[in-house]
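Step one of this worksheet: look at the structure below.
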Amino acid sequence: MLGIDGNAEMIAKAKAQYPELSFTVCDAHDFTVAERYDAVASNGALHWLTRDPDAVITQVHASLRPGGRFVAEMGGAGNCAELIAAMQTAWREFGLAEPELPWYFPTPAEYATRLEEGGFTVRLLEYAERPTRMTQGPNGAADWVRTFAAEPLGQVPAETIEPLLMRVNDLAAPALRRESGWVADYVRLRFAAVRAADTSRDEFQDATELAAAGSRHTLRALRSV
């Protein structure tokens, strides 16, 4: 198994926790591997890869053997809609430019089309609401923004950050604050897809490569949000 992530700190933590496994820092938009794998698994990473989602799919396809599986969960359309609306409204109220959001939340149809155009056959596609208790800190939406929207928050003048975040809390509270605590309005997109046989390659070559693979190999993207 090989684990990849663009964040060196996350890779260092993974190496420390699982020293028997292999990890490397790389950008999923343009990563390459020395050998092709049986499966690629990703949890909560794909919606952070906003520069070129099709390039990510292309690289995953290239890293898989024919028949290899691509299994993932990511944020889908409508993910964190209440949190995002609270952010955008608060930014406007404070006279700030619209925050540039660092996520990509596709519809099921949109991502299925991308997968199919990228050489995959979609075997399973699920799209569902998954309200999730916020664990980033005691201040609910404000702590969520600090954790997951650090980049747009970094563009805000220092003296404005605290009152801005408190306003985000006020705006998000009616929809997301419960007696038991704060809940993030997650919407998840899960899929399982298979790399189709490469028509440009000899079928015997594909079969030989699969037979020679031996033990199963998995490529995993680490980031989870």
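Bear in mind that the values in this text are calculations on the coordinates, not laboratory data. In this text, all values refer to a predicted model and were calculated from it rather than measured experimentally. So basically every Cβ, Gly included, is an ideal-geometry build from the backbone, and we count neighbours across all protein chains shown.
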Q) Out of region 135-161, which residues are of a type in the set (Ser, Thr, Tyr) and over 15 Å from Ile84 (Cβ atoms)? A) Thr135, Thr160
Q.
Residue pairs, Cβ under 7 Å, 6 or more apart or interchain, first in region 31-58 and farther than 19 Å from Asn79 by Cβ, second surrounded by fewer than 17 Cβ atoms within 10 Å (Cβ to Cβ) and small (Gly, Ala, Ser). List them.
A. Asp38/Ala213
Q: Please state which of the following conditions Trp91 fails to meet, knowing it meets all the rest: (1) in a helix (DSSP H, G or I); (2) more than 25 Å from Asp5 (Cβ to Cβ); (3) touching a Lys or Arg at 6+ places or on another chain (Cβ under 8 Å).
A: (3)
Q | Pair list, Cβ < 7 Å and 6+ apart or interchain, from region 1-14 residues that are closer than 19 Å to Arg69 by Cα to residues that are assigned to a helix (DSSP H, G or I) and of a type outside the set (Val, Ile, Thr) | A | Gly3/Ala14
(Q) If Thr50 satisfies all but one of (1) within 25 Å of Ala173 (Cβ to Cβ); (2) out of contact with any Ser or Thr (no Cβ under 6 Å at 6 or more places or on another chain), what's the number of the condition it fails? (A) (1)
Q) Out of all the residues in region 15-41, which are surrounded by 12 or more Cβ atoms within 10 Å (Cβ to Cβ) and aliphatic (A, V, I, L, M)? A) Leu21, Val25, Ala28, Val33, Ala39, Val40, Ala41
(Q) Residues that are part of a loop (DSSP other than H, G, I, E, B) and either under 20 Å from His29 (Cβ atoms) or not small (Gly, Ala, Ser) (or both): does region 59-75 have at least one? (A) no
**Q.** Residue pairs meeting the criteria (Cβ under 7 Å; at least 6 apart or on separate chains; first touching a residue at least 24 places away in the same chain (Cβ under 8 Å), in region 107-120; second loosely packed, with under 13 Cβ neighbours inside 10 Å and part of a helix (DSSP H, G or I))
**A.** Arg114/Asp54; Gly118/Asp54
**Q.** Members of region 122-161 that are exposed (fewer than 11 other Cβ atoms within 10 Å of the Cβ) and either farther than 19 Å from Val183 by Cα or acidic (Asp, Glu) (or both)
**A.** Leu124, Ala150, Gly154, Pro157, Ala158, Glu159
Q) In region 83-98, which residue that is touching a Leu at 6+ places or on another chain (Cβ under 6 Å) and surrounded by fewer than 18 Cβ atoms within 10 Å (Cβ to Cβ) is farthest from Phe191 (Cα to Cα)? A) Phe94
Q) What about Gly3, is it touching a His at 6+ places or on another chain (Cβ under 9 Å), surrounded by 15 or more Cβ atoms within 10 Å (Cβ to Cβ) and not aliphatic (A, V, I, L, M)? A) no
